[in-house]
Amino acid sequence: MIFFSYIIIKSCVGFFKNRKLQTVFPITTESYISVIAYGFRDETLLDYNPADFMIVKKDKSHVARGELIGVKISKNIQRKFYTYKHDMSSSNKIKFLNLTKNNIHSLINKEIVNLKLNSCQDLLYIRTGILDLIRQYEQVRNKNYEIYSEVSQKMEDSSLIECTENNKIISQNSGYFSSYVDGIENYVDFNYLLSDLENFNFENFKKYEENMSNIDKYNNNNKFVGKIVKSPNCIIICKLKKNEIEQFKSKKSIDISLDLTKEFNISCEVISVLDSDLLVLSVNLTEYFVNFRKETIKIQTKKISGFKILKDYIHFLETNKTGVYVKRKSKYNLIPVNILGEKDNYYICENVPDSVDKLNTYDRISIY
């Protein structure tokens with residue numbers, strides 16, 4: 001009798017020791033619609049020849065009304081700029097860093113050339129490059145010869161030689177500066193678009209955008225130095241399927257993601273859901289949307305947060321309820337949970353609100 005009792009006890013201990021356990025972790029899943037969307041902003045083109053002006057504002061940076069955007073470049077000024085070639089080899093950089101104070105100016109003078117620029121932006125890169133190289137030199141030599149400040153001041157003086165009122169580009173509006181021009185800026189008046197969305201011909205716009213992409217988009221960057229994006233927001237318009245768009249009619253805001261951001265962390269206001277199956281959104285203007293014209297976006301349709309429970313660990317009870325066996329010290333308690341959703345091999349669950357014992361992160365649950 002004692003022998004059989006011993007066997008039974010050992011079997012029970014083995015049964016509990018060999019239980020398959022899962023650690024509970026939180027999880028969030030998202031469902032989305034992927035669609036091509038188009039962006040519209042209140043934009044003003046800067047009608048200046050890029051070959052004649054040097055832009056002093058960083059691309060996609062904020063500008064204030066009355067702020068200097070660019071200065072006119074003359075051949076006289078170009079000859080006075082210290083230049084730095086982008087394809088300068090590593091060996092040349094090392095050679096430069098090994099120079100002494102006495103012959104550093106000699107090398108810099110050799111870099112003075114009669115510039116032949118394809119873009120006014122090249123001048124900024126050249127200035128930045130030579131100054132960065134000098135900064136590296138002083139850091140490596142562990143001495144400050146004030147060469148950086150000397151050269152920097154000479155560059156500033158040179159750039160202002162002919163910087164009179166007639167040779168400046170001054171922003172007439174506050175907003176964002178962008179050097180990218182695609183030729184679609186004046187397709188539709190921004191304010192008119194917002195006031196008459198019902199009559200916006202989406203298909204005609206798509207054809208126009210495709211035509212500009214194939215023919216003139218890149219040529220526009222040779223006609224204008226850039227543009228000022230005046231509106232504090234960007235309007236996004238996309239066409240959805242009838243069975244997709246219904247769910248957005250009752251929503252005031254949704255989350256989207258771009259290829260650059262990956263996550264659904266961009267909140268958009270739902271402006272309108274049109275009978276033509278167009279979804280119109282408004283998003284705060286950031287650097288992501290300064291040049292946003294035609295992009296694939298993901299629109300979040302559903303977001304579920306809860307506990308990830310493998311399907312084998314869920315127990316379906318006779319009362320049409322579900323639960324999991326949770327290890328509490330040496331016992332396993334059955335805790336009820338609600339199933340919110342499911343994936344291939346797991347459920348997303350939450351605690352039953354009126355349950356006394358709750359499921360927690362890092363709990364260990366049993367398969368049987």
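The values are calculated or read from the model by the stated rules, or taken from the named source; none is laboratory data. For clarity, every value in this text was computed on a predicted model and none was experimentally measured. A quick note on method: Cβ atoms are made from the backbone with ideal geometry, for glycine too, and the neighbour counts reach across all protein chains shown.
Going by what's in this entry, would TYR145 be described as more than 21 Å from PRO50 (Cα to Cα), at pLDDT below 60, of a type in the set (Ser, Thr, Tyr) and surrounded by 18 or more Cβ atoms within 10 Å (Cβ to Cβ)?
No: the conditions fail for TYR145.
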Checklist entry - Is it fair to say TYR325 is touching a His at 6+ places or on another chain (Cβ under 9 Å) and surrounded by fewer than 13 Cβ atoms within 10 Å (Cβ to Cβ)? => result no
Checklist entry - Which of the residues that make up region 22-76 are in contact with a helix residue (DSSP H, G or I) (Cβ under 7 Å, 6 or more places away or on another chain), at pLDDT 90 or above and either part of a loop (DSSP other than H, G, I, E, B) or closer than 18 Å to VAL225 by Cβ (or both)? => result ARG41, ASP42
Checklist outcome for this item: Considering region 184-220, residues that are modelled with pLDDT under 85 and surrounded by 17 or more Cβ atoms within 10 Å (Cβ to Cβ), and then whichever is nearest to the chain's Cα centre (by Cα), we arrive at LYS217
Checklist outcome for this item: Contact list, first residue from region 269-288 and farther than 11 Å from ILE237 by Cβ, second anywhere and surrounded by 16 or more Cβ atoms within 10 Å (Cβ to Cβ) and of a type in the set (Ser, Thr, Tyr), beta-carbon distance below 7 Å, six or more apart or interchain, is GLU269/SER282; LEU285/TYR176; LEU285/SER231
Item to check | Those residues of region 300-332 which are among the charged types (D, E, K, R) and under 30 Å from PHE248 (Cβ atoms), in sequence order | outcome: LYS302, LYS303, LYS308
